[in-house]
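S.K.: Below is the structure I would like to discuss, written out as structure tokens.
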Amino acid sequence: MTFDKIDFEALGQEMIQLRRDFHKHPEPGWTEFRTTARIIDELEKLGLTVQYGPSIHVREKMFGLPKEAVLEACWQRAMEETDRPDLVEAMKGGYTGCLTVIEGALPGPTVGIRVDIDCNDVEEADDSRHPPCALGFRSTHAKCMHACGHDAHAAIGVGVAKALCACREQLRGKVLLVFQPGEEGLRGAASLTAAGHFSSCDYFFGGHVGLLDGLVVGTVAAGGHGFLASTKFDAMFHGVASHAAAPERGRNAIAAAAAATLGMLSISRHHEGSSRINVGTFHGGTGRNVIPAEAELTIETRGSTTEINEYMEAEAKRVCQAAADMYGCTLETRFMGSAGCIVCDEPLVDHTIEVLSQMEGVDNILRDINFGGGEDVTTMMRDVQEHGGQVIELVFGMPLAAPHHNDYFDVDERVIPLAARIFVKLALAAGDWKK
């Protein structure tokens, strides 16, 4: 079968139903047990060999793993929700995500396509005006929601595999299809990259639905700038507990963490480019009448360059240490993830735009957009570039019902079959390109 003979309308409906299944059963980073098992099952039905489990990861690079009790609880939940317990068993300990290679009938380049599969720590809106509620696929997991479109990405990846398998006779070279865990928090790419999966890629494509406000389905951004380098870390303040009636005998960890929070939000910005800092969560204390001995902050810094991000990170840690010292506490920090800056390769941007310009359903092409945020895919992309390959990130436009990471976020499902067609067409066209 050729690309033109594939029934993308029927395939699109399959992908939409799969997306809704993923949406109903969201799983955060390193706990995507059921999600990965469902993906593997779909790929194996195509006759593909799928790599998964500990063999695809480097354990010491699996940043930001949940606590053991959380991992175990999520694993047990997945065992109850899946009809492939053999696959879930093989991922115990957080070894989620998978990879597969689709071999073409003819020699040619190696094309990498990456999609992410994890959800956000968000409680989904319970409102009949919210389509997942109205249509019966609202999240069934408390404080877990696909509020960034990764459910659509996972479904798109499966659709790409089905379409490429159907037109293998046209495919020159091979396609490495990556279903990445732990994108949120910039945690999952480092492990897969350290395992060496991407060093042989001649061309590498990432993609994301939405992201930019004001775009409609049919608008595609091919390349751009503004990937922010970012570091995620936790700060633990250790004080001394005491009865609140004798506060001088204690060392107040919450007071130290509070001072650190306000101090970090007051860090001077850098004159050479954009910088960001956020304190996302604050936990501490054990009781109303107890001087709190423990407090914990989850923190992220960002910068338009690696150097600016490093400045923000260093300043944040300096402020935390000063706050701990001021209240007689000790400070412990824990690295949780990071990503760097990246520049899309102009030759690949040119090739991509040429393909997009000839595709039905693509009505508007944007060449240079400002991403304005961090993306874990940059770790993979940088590795590809260091080994001589070319990289690009695509944005598949769609109207936004609510911002990303919001409890009312939803995907315009018309974008799903379009994105899959684009990835497939680019993979087929790559055999014509000269690096």
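The values are calculated or read from the model by the stated rules, or taken from the named source; none is laboratory data. Every value quoted in this text rests on a predicted model; they were computed, and no experiment measured them. Heads up, the Cβs are rebuilt from the backbone with ideal geometry, glycines too, and the neighbour counts pull from every protein chain shown. To get the accessible areas, we keep the full protein, side chains included, count just its heavy atoms, and leave off ligands, DNA and RNA. Shrake-Rupley method; radii C 1.70, N 1.55, O 1.52, S 1.80 Å.
S.K.: Looking at E32, E27, E44, E60 in this structure, which one is open to solvent by 60 Å² or more (accessible area, probe 1.4 Å) and either under 20 Å from D86 (Cβ atoms) or touching a His at 6+ places or on another chain (Cβ under 9 Å) (or both)?
M.R.: From the options E32, E27, E44, E60, the qualifying one is E44.
S.K.: Here is a further query. Cβ-Cβ below 7 Å, separation at least six or inter-chain, first residue in the stretch 95-108 and among the aromatic types (F, W, Y), second outside any strand (DSSP E or B) and open to solvent by 10 Å² or more (accessible area, probe 1.4 Å): which pairs?
M.R.: Sorted first by the residue in the stretch 95-108, then by its partner, the pairs are Y95/P54; Y95/H57.
S.K.: Looking only at the stretch 113-124, filter to residues that are of a type in the set (A, V, I, L, M, F, W, C) and open to solvent by less than 10 Å² (accessible area, probe 1.4 Å); which one of those is nearest to H23 (Cα to Cα)?
M.R.: Among those that are of a type in the set (A, V, I, L, M, F, W, C) and open to solvent by less than 10 Å² (accessible area, probe 1.4 Å), it is C119.
S.K.: May I pose another question? Looking at the stretch 158-252, what strands (runs of 3 or more DSSP E) fall wholly within it and have at least 3 residues that are at pLDDT 95 or above?
M.R.: Per the criteria, 172-180, 203-209, 229-238.
S.K.: For residues that are touching a Cys at 6+ places or on another chain (Cβ under 9 Å) and either open to solvent by 10 Å² or more (accessible area, probe 1.4 Å) or assigned to a helix (DSSP H, G or I) (or both), tally how many sit in the stretch 125-138.
M.R.: Number satisfying all stated conditions: 2.
S.K.: Can you confirm whether R318 is part of a helix (DSSP H, G or I), open to solvent by 20 Å² or more (accessible area, probe 1.4 Å) and out of contact with any Ser or Thr (no Cβ under 9 Å at 6 or more places or on another chain)?
M.R.: Yes, satisfied.
S.K.: Read through the list (1) open to solvent by 70 Å² or more (accessible area, probe 1.4 Å); (2) within 25 Å of the chain's Cα centre (by Cα); (3) farther than 18 Å from H225 by Cβ, then give the number of the only condition that R367 fails.
M.R.: With respect to (1) open to solvent by 70 Å² or more (accessible area, probe 1.4 Å); (2) within 25 Å of the chain's Cα centre (by Cα); (3) farther than 18 Å from H225 by Cβ, R367 is out only on (3).
S.K.: Can you work out which of the residues in the stretch 326-344 that are at negative phi, modelled with pLDDT of 95 or more and touching a strand residue (DSSP E or B) at 6+ places or on another chain (Cβ under 8 Å) is surrounded by the fewest Cβ atoms within 10 Å (Cβ to Cβ)?
M.R.: For the stretch 326-344, the residue satisfying everything is E332.
S.K.: Hey, any hits in the stretch 385-399 for a residue that's part of a helix (DSSP H, G or I) and under 14 Å from C201 (Cβ atoms)?
M.R.: Yes - at least one qualifying residue is present in the stretch 385-399.
S.K.: Filtering the stretch 379-417 down to residues that are hydrophobic (A, V, I, L, M, F, W, C) and over 15 Å from V115 (Cα atoms), which residue is surrounded by the fewest Cβ atoms within 10 Å (Cβ to Cβ)?
M.R.: A402
S.K.: For residues that are in contact (Cβ under 8 Å) with a residue 40 or more places away in the chain and open to solvent by 20 Å² or more (accessible area, probe 1.4 Å), tally how many sit in the stretch 9-24.
M.R.: Residues flagged as in contact (Cβ under 8 Å) with a residue 40 or more places away in the chain and open to solvent by 20 Å² or more (accessible area, probe 1.4 Å) within the stretch 9-24 amount to 5.
S.K.: Here is a follow-up. Among the numbered conditions (1) at negative phi; (2) open to solvent by less than 70 Å² (accessible area, probe 1.4 Å); (3) in a loop (DSSP other than H, G, I, E, B); (4) free of Cβ contacts under 8 Å to residues at least 60 places away in the same chain, tell me where K92 comes up short.
M.R.: (2)
S.K.: Does any residue in the stretch 55-83 that is part of a helix (DSSP H, G or I) come within less than 8 Å, Cβ to Cβ, of a residue that is open to solvent by less than 30 Å² (accessible area, probe 1.4 Å) and among the polar types (S, T, N, Q) six or more places away or on a different chain, and which pairs are these?
M.R.: The qualifying pairs are R59/S191; K61/S191; K61/T193; V70/T31; L71/T31; C74/T31; W75/T31; A78/T31.
S.K.: Every residue in the stretch 272-315 that is open to solvent by less than 30 Å² (accessible area, probe 1.4 Å), closer than 20 Å to T330 by Cβ and in contact with a Lys or Arg (Cβ under 8 Å, 6 or more places away or on another chain), please.
M.R.: I291, A293, I299
S.K.: Do the conditions hold for G159, that is, is it of a type outside the set (A, V, I, L, M), surrounded by 24 or more Cβ atoms within 10 Å (Cβ to Cβ) and touching a residue at least 60 places away in the same chain (Cβ under 8 Å)?
M.R.: Answer is yes for this residue.
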